[in-house]
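The values are calculated or read from the model by the stated rules, or taken from the named source; none is laboratory data. Because the structure is a prediction, the values reported are computed rather than measured. Heads up, the Cβs are rebuilt from the backbone with ideal geometry, glycines too, and the neighbour counts pull from every protein chain shown. Each accessible area value is taken on the protein alone, full model and side chains, heavy atoms only, with ligands, DNA and RNA left out. Shrake-Rupley method; radii C 1.70, N 1.55, O 1.52, S 1.80 Å.
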Amino acid sequence: MQNNTFSTLFVGQNLIKLKEVDSTNNFLKDMLSKSEPVAEGTVIMADNQFSGRGQQQGIWYTEPGKNISMSLYLKPVFLPLSKQFYLNMAVSLAAGEGLGQFTKNGFKIKWPNDIYYLNKKIGGILIENTLTGATIKSSVIGIGLNINQVNFPESISNKATSLAQILQKETDLIDILEKISIFMEKYYLILKSGNYDILQKDYLKRLYNLGVKASYLYNGKVFEGTITGIEDGGRLLVETHNGQQAFNFKEIEFIHTKINTQ
């Protein structure tokens, strides 16, 4: 563990850097299962994560030493379970704004928590909460971001991008980690203060396809709809020919052909 000089109060101040690990989330959860105390804001960062996971057990591909593979430990005991999606909002915003410090054009959040540049994925987030009764005891937040990788498996090369592809140059990973830590702390403190309206507003500003008529897949059928917002519990609100509908995670699939742009 090393102490950093990041301009934060606690996020990223304790940084554990690993050469190789199956999953930074697994490593952090293993630490938490032992009796030694772990400081809130601790970050695990690995050069190579060979079994990183995305949502629904999907695999996260990453080239060793090229990208951000990290996990963050937070203790949002103050957050009601009915509002836990706001933690998702805070983390997604922090990742997007951290990356946004290096480009002129901003990044979008594809609901619920993928980070997009134009129509390609540059990163993803996996939050694993431990509950005690009606309280979130702890959160292990995994963040994977494509930074200096320029070659991707053929199966995802048309759907993935990286900061290096956008900027046509490499960027120091610790510089990016510092920016993400700064914005993580900013949005986490907003969350802690109960300013949900700020998080909702900022999240919607960055929401991919908001107000855009596009195609989606639901129950094996394609339909046209327009994203209008997010419920407190995290369900996606979409205006369809049957009126407004709310969808849970993984209920609908985005089809990346926009019908028109606004």
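Numbers at a glance
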| read-out | value |
| --- | --- |
| The stretch 135-152: number of residues that are farther than 14 Å from Val43 by Cβ, buried (at least 20 other Cβ atoms within 10 Å of the Cβ) and of a type in the set (A, V, I, L, M) | 2 |
| Looking only at the stretch 70-108, and only at residues there that are charged (D, E, K, R) and assigned to a loop (DSSP other than H, G, I, E, B), the one that is nearest to Leu163 (Cα to Cα) | Lys104 |
| Which numbered condition Phe254 misses (of (1) open to solvent by 40 Å² or more (accessible area, probe 1.4 Å); (2) in contact (Cβ under 8 Å) with a residue 24 or more places away in the chain) | (1) |
| Of residues in the stretch 153-193 being within 13 Å of Ala90 (Cβ to Cβ) and surrounded by fewer than 18 Cβ atoms within 10 Å (Cβ to Cβ), the one farthest from the chain's Cα centre (by Cα) | Ser193 |
| Selection status of Tyr216, crowded, with 17+ Cβ neighbours inside 10 Å and touching a helix residue (DSSP H, G or I) at 6+ places or on another chain (Cβ under 6 Å) | no |
